[in-house]
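Worksheet for the structure shown next.
The values are calculated or read from the model by the stated rules, or taken from the named source; none is laboratory data. Nothing here was measured: the structure is a model prediction, and the numbers come from that model. Ideal geometry is used to build each Cβ from the backbone, glycine not excepted, and the neighbour counts take in all protein chains shown. Keep in mind that these areas ignore ligands, DNA and RNA; they rest on the heavy atoms of the full protein, side chains included. Shrake-Rupley method; radii C 1.70, N 1.55, O 1.52, S 1.80 Å.
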Amino acid sequence: MSELFGPFLSAVDDFVWGQAMLVLLVGTGVILTVRTGFLPWKNLIFAVRLTFGRKSRKSGRKAGDISPFSALTTSLASTIGTGNIVGVATAMVAGGPGALVWMWLSAAFGLATKFGECMLAVKYRTVNEKGEMAGGPMYTMKAGIKNRRAGAVLGWLFALFTVLASFGIGNMTQGNSISAALFSTFGVPAELTAVIASILVLIIVVQGIRAISAVSAVIVPVMAVFYLALGLIVIAGNIRNLPEGIAMIFRMAFSLRAAGGGLCGSITASMLQSLRFGISRGVFSNEAGMGSAAVTAAAARSDSPVEQGYINMTGTFWDTLVICTVTGLAIACSGVLGTVGPDGAYLDGASLTIAAFSTVLGPPGGCFISVGITLFAFSTILGWEYQGEKAFEYLFRSRRFSLFYRAAFSLAVYVGCTQTLTVVWSFSDIANALMAVPNLICLLLLSREIAADAREYERSKKSVRH
């Protein structure tokens, strides 16, 4: 299949992630950041405190299906995963270590994007035929955009692309990373991994959002802390290389000509390559601008759209500015970037991250990373199933076909586990772009409303203090 579809998908991938897409993605974040008066930046610490406060964990009888904190952890389940471990490594090979800088910059402006899309999702959510919350950018587009026909078209397109993306970024890419990690470390056949993963996913998703959020609330925080601790140990073990590694990251991020050498070995990349892969992999990791987190945010038991927007906004901070940074620095200072494997190709994806952690932790480091990839990716699959199912429900205006989606989604895990990395990544990149475009258009059209609501909340917050 890779020989048949690989070149075609790569060509489409290069087209959709061209300069226009990068400008639209980052430009939307810049416009929202400026138009809100930089409130997402100013309120980041407040948002983190709000996230861990009692109010976000116990929501009383407010409308919604899960607590605000559970909405965040379920959202993080779909973002903290292979993008943090495999995606960073892939970006640093394809775009050079400088790609990490562009991941940081896109995440900084992505805070406002994530805030806006999640805030609007709570504001315009509805209740479905089963009494569950139904929301997300498709509902925002349909009800919030003044031109109802244009809003309906954008909403339908977003829902369609979300379903496609759920099978790519949220499913096959994750399954691919799970099977690759388990095979390289423990020798587990991909087919066996595929069967077990598919069955486990089906068992959990048939129980709905509460089961998904319950699993996510356990896996995500525990594995995130554990992974960060190991990453910091690796960085400390290679501390002598850290200054050179950081200098290399910034030098290659802004190099107009292809450059290499030093800790990145024979890998060369220009500024354009670093920018392209840094932003695209950053979006894959934190999903700011895609609108996926907004679907989960709409399920939160909250009566303040702005507060939930701030809570979900912290997902971008934890995902990219914390976890991806640890992965990137661990790779940069380990000296394994640019080395080749037994097949003569550059170490990439999970193999590169495992090699980096093994420089300090030894063989157990590879085992830790493989377990981390497996659990992170599995939780990502669960989180994306909910988002994809809600989009599927929107397309058919009914929950009657939800079981069909769940079955097809579970089978797709098998496909992802048994296909090559190139095909799966290319498909995911394309689905990301298709999903992001209508969402970004909606955010630009409603940017004044986002700014107005944010400022109104700021005024009410200050009046309470006084």
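Normalised by the number of residues in region 117-237, the mean separation of alpha-carbon contacts (under 8 Å, six or more apart) gives a relative contact order of 11 percent. Rg over Rh for region 116-171 works out to 1.01, both radii taken from alpha-carbon positions and Rh defined as the Kirkwood radius.
Mean sequence separation of contacting Cα pairs (under 8 Å, at least six apart), scaled by the length of the chain, corresponds to a relative contact order of 36 percent. Between 0 and 90 degrees, rounded to the nearest ten: what's the tilt of helix 209-237 against the longest Cα principal axis of the chain? In the chain, helix 209-237 runs at an angle near 40 degrees to the longest axis. Thr126 contributes about 60 Å² of solvent-accessible surface, heavy atoms of the protein only, 1.4 Å probe. Among residues other than Arg281 with Cβ under 14 Å from its Cβ, the summed charge is -4 (Lys and Arg +1, Asp and Glu -1).
State which stretch of the chain is the longest one without any exposed chymotrypsin sites (Phe, Trp or Tyr not before Pro), exposure meaning a DSSP loop state and at most 14 other Cβ atoms within 10 Å.
Values: sites that count: Phe38, Phe254, Phe401.
The longest uninterrupted stretch comes out as 39-253.
For region 349-466, averaging the sequence separation of C-alpha pairs within contact (under 8 Å, six or more residues apart) and dividing by the residue count gives a relative contact order of 10 percent. Residues in region 343-377, backbone N under 15 Å from the label point at Phe226 (7 Å along the Cα-to-beta-carbon vector): list them, ranges by number please. The answer is 364-377, whose backbone nitrogens lie closer than 15 Å to the label point. The string of couplings for region 323-330 from the Karplus curve (6.51, -1.76, 1.60, θ = phi - 60°) is 5, 4, 5, 4, 4, x, 5, 4 Hz, one whole number per residue in order, with x for Gly and Pro.
Rolling a 1.4 Å probe over the protein chains gives Asp343 an accessible area of about 130 Å². Taking the C-alpha atoms only, the angle from helix 99-123 to the longest principal axis of the chain is near 20 degrees.
Give, in nm to one decimal, the length gained when the segment between Glu129 and Lys461 is fully stretched (0.36 nm per residue of separation minus the Cα-Cα distance). Numbers along the way, then the final one.
Values: separation 332, 0.36 × 332 = 119.52 nm, distance 3.54 nm.
So the chain would gain 116.0 nm between Glu129 and Lys461.
Shown here: P(r) over Cα pairs in 20 Å bins from 0, in percent, derived from the displayed model; of the candidates (1) 20, 41, 29, 10, 0; (2) 27, 60, 13, 0; (3) 17, 31, 20, 19, 11, 3, 0, it corresponds to (2).
Distance between the 7 Å Cα→Cβ label points at Ile196 and Val322: 3.0 nm.
May I ask you to work out the translational diffusion coefficient for region 330-434 at 4 °C, viscosity 1.567 mPa s, via Stokes-Einstein with Rh from the Kirkwood sum over Cα pairs, reported in whole µm²/s? Roughly 79 µm²/s, to the nearest whole number. The largest accessible area among Val26, Val127, Val220 belongs to the first residue in Val127, Val26, Val220, and the rest follow in falling order (1.4 Å probe, all chains). Name the long-range amide H neighbours of Ala134: under 5 Å, sequence gap of 5 or more, or other chain; modelled H, no Pro or chain starts. Distant-sequence amide H within range of Ala134: Thr126, Val127, Asn128.
The angle between the Cα long axis of helix 173-186 and the longest principal axis of the Cα atoms of the chain comes to about 40 degrees, rounded to the nearest 10.
Excluding same-chain neighbours fewer than eight residues apart, the lysines reachable from Lys142 by a Cα-Cα span under 16 Å are Lys123, Lys390.
Accessible area of Lys130 (1.4 Å probe, protein heavy atoms only, ligands and nucleic acids ignored): about 130 Å². Dividing the summed helix terms, -39500 (n - 2.57) for each DSSP H run of n ≥ 4, by the number of residues in the chain produces a 222 nm estimate of -24000 deg cm²/dmol to the nearest 500. Rounded to the nearest whole Hz, the Karplus-based 3J(HN,Hα) values (6.51 cos²θ - 1.76 cosθ + 1.60, θ = phi - 60°) of region 372-389 follow the sequence x, 4, 4, 6, 4, 5, 5, 5, 5, 4, 5, x, 6, 4, 5, 5, x, 5, with x at glycine and proline. Given +1 at the Cβ of Lys and Arg, -1 at the Cβ of Asp and Glu and no other charges, the dipole of the chain around its Cα centre is 2000 debye to the nearest 20.
Can you classify region 153-209 as rounded, prolate or oblate using the Cα gyration tensor, where a ≥ b ≥ c are the square roots of its eigenvalues, rounded means a/c under 1.5, and otherwise it's prolate if a/b beats b/c and oblate if not?
Working: a/c = 4.19, a/b = 1.91, b/c = 2.20.
Taking the square roots of the gyration eigenvalues as a ≥ b ≥ c, region 153-209 is oblate.
For region 6-62, the fraction of C-alpha pairs more than 12 angstrom apart is 76%. Between region 297-338 and region 362-413, the C-alpha centres lie 19 angstrom from each other.
Restriction of the GluC sites (Glu not before Pro) in region 46-151 to DSSP coil positions whose beta-carbon has at most 11 other beta-carbons within 10 angstrom yields Glu129.
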